[in-house]
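Here it is, the structure in full.
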Amino acid sequence: MSEFCGTAKKGSHYRSKYYKLKARRGAKKAIVAIAHRISKAIFNIIKNGDRFMDLGEDYLDGKNKQKAINRVKRTAQQLGFDLIPCEA
């Protein structure tokens, strides 16, 4: 069933979003949500002549990583600590 909503292609943004939604909401709701996202993308392609650009499956991880870093910084500042980034 997941092939119908664009999750069959490995490495796609929709595939990673589908699996994240599936874990939280269930397979059926995840399929509907991804189908809705794809239909919005198709609408914008037709209406505005936009080109489809897949964000890749790492797109969400990068956003979440930066949010986690900002959250840790904010919490540390509230507790009175100064964070110094180190080179990995």
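I need a count of the residues in region 12-32 that are surrounded by fewer than 17 Cβ atoms within 10 Å (Cβ to Cβ), not in a loop (DSSP other than H, G, I, E, B) and not aromatic (Phe, Trp, Tyr).
Qualifying residue count for the region: 8.
Please enumerate the residues belonging to region 44-88 that are surrounded by 11 or more Cβ atoms within 10 Å (Cβ to Cβ), modelled with pLDDT of 80 or more and small (Gly, Ala, Ser).
Matches in region 44-88: Ala76 only.
The values are calculated or read from the model by the stated rules, or taken from the named source; none is laboratory data. Predicted model only: the values in this text are computed from it and were never measured. All Cβ positions, even for glycine, are placed from backbone atoms using ideal geometry, and neighbour counts span all protein chains on display.
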